[in-house]
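This report concerns only the one structure given below.
The values are calculated or read from the model by the stated rules, or taken from the named source; none is laboratory data. Source: prediction; values computed, not measured. Positions of Cβ are backbone-derived with ideal geometry, glycine not excepted, and every protein chain shown enters the neighbour counts.
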Amino acid sequence: MSAQSKPDPARRIALYALVVCAFATAAAVVSFVKGSWLGVVWVLLAGLTSNLWWIYLRKVRTERAAAQGGLGGPLPK
């Protein structure tokens, strides 16, 4: 198995975070429509997972650019 065919864990985590964000958003909408304040928890979870998605997506893009010899090195802290 070559290095190109290995699945990237950061890409997989970004995809999982996006899926959880979508489900949490849908659950928040359903909760608020039914009049439950539990939707606040779902909104917080959606916010957390959207941030995780953004972080891992940025990591994948940075690693891809570095592998192609682009300007995308590690991000400054």
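Overview of values
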read-out	value
Residue selected from region 8-45 under the condition among the small types (Gly, Ala, Ser) and farther than 30 Å from GLU63 by Cα, by the criterion surrounded by the fewest Cβ atoms within 10 Å (Cβ to Cβ)	GLY35
ALA24, sole failed condition from (1) within 9 Å of the chain's Cα centre (by Cα); (2) at pLDDT 95 or above; (3) not aromatic (Phe, Trp, Tyr)	(1)
Residue, nearest to PHE23 (Cα to Cα), within region 53-70, restricted to residues that are modelled with pLDDT under 90 and of a type in the set (A, V, I, L, M, F, W, C)	VAL60
In region 29-65, the residues that are in contact with a Leu (Cβ under 7 Å, 6 or more places away or on another chain), among the polar types (S, T, N, Q) and under 19 Å from LEU15 (Cα atoms)	THR62
Any chance LYS77 is in a loop (DSSP other than H, G, I, E, B), of a type in the set (Lys, Arg) and at pLDDT below 95	yes
